[in-house]
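The values are calculated or read from the model by the stated rules, or taken from the named source; none is laboratory data. Nothing here was measured: the structure is a model prediction, and the numbers come from that model. No Cβ is skipped: glycine too gets one built from the backbone with ideal geometry, and neighbour counts run over all protein chains shown.
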Amino acid sequence: MLCVLNASLFAQEAKTILKAPAKLDTLLQKKIALDREDAAKKRFTIQVYYGVHESTTEVLEQFNALFPELVAEMIFETPNYKIRAGSFATEREALAVLTRVKRRFKAAFVLKP
């Protein structure tokens, strides 16, 4: 006696629908912005000079004239004013620029994040 069985299997399909709170997109955008800000803080920069306000202002003008491609800023950290320039993703990049900067500003050095 020959017996043939034909069994078909049917899988169930599941569809999941997630309903996220309306504020989730806003929170995600804020998180992305904070992460970008944090990443920007973790960059290498070159400290060119530090001193009193008057001399630091003069040095900043000289630096800007010599290196217009680098963004430099004067900041105040008690008790001195400081000039910091550039924003580099890697130390290698910062060191490459530092060699040029040190030709004119001997005390310059790379600040690590």
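If only one of Thr57, Thr45 is among the hydroxyl-bearing types (Ser, Thr, Tyr), surrounded by 11 or more Cβ atoms within 10 Å (Cβ to Cβ) and touching a residue at least 60 places away in the same chain (Cβ under 8 Å), which one is it? I'd like the intermediate steps shown before the answer.
Numbers: Thr57 fails: touching a residue at least 60 places away in the same chain (Cβ under 8 Å).
The unique qualifying residue is Thr45.
For region 62-83, a tally of residues being buried (at least 17 other Cβ atoms within 10 Å of the Cβ) and of a type in the set (Ser, Thr, Tyr) returns 1. Considered as a group, the residues in region 29-73 that are charged (D, E, K, R) and either touching a strand residue (DSSP E or B) at 6+ places or on another chain (Cβ under 7 Å) or assigned to a strand (DSSP E or B) (or both) include one that is nearest to Arg103 (Cα to Cα), and that residue is Glu73. Candidates in region 84-95 are the residues that are of a type in the set (A, V, I, L, M), within 10 Å of Phe44 (Cβ to Cβ) and in contact with a strand residue (DSSP E or B) (Cβ under 7 Å, 6 or more places away or on another chain); of these, the one that is surrounded by the fewest Cβ atoms within 10 Å (Cβ to Cβ) is Leu95. What do you reckon, is Lys112 modelled with pLDDT under 95 and among the basic types (Lys, Arg)? Spelling it out, Lys112 is indeed modelled with pLDDT under 95 and among the basic types (Lys, Arg). Restricting attention to region 96-113, the residues being of a type outside the set (Lys, Arg), free of Cβ contacts under 8 Å to residues at least 60 places away in the same chain and surrounded by 14 or more Cβ atoms within 10 Å (Cβ to Cβ) number 4. Taking the conditions exactly as written (in contact with a strand residue (DSSP E or B) (Cβ under 9 Å, 6 or more places away or on another chain), of a type in the set (Phe, Trp, Tyr), part of a helix (DSSP H, G or I) and without any contact (Cβ under 8 Å) to a residue 60 or more places away in the chain), does Phe76 satisfy them or not? When the stated conditions are applied, Phe76 does not pass them.
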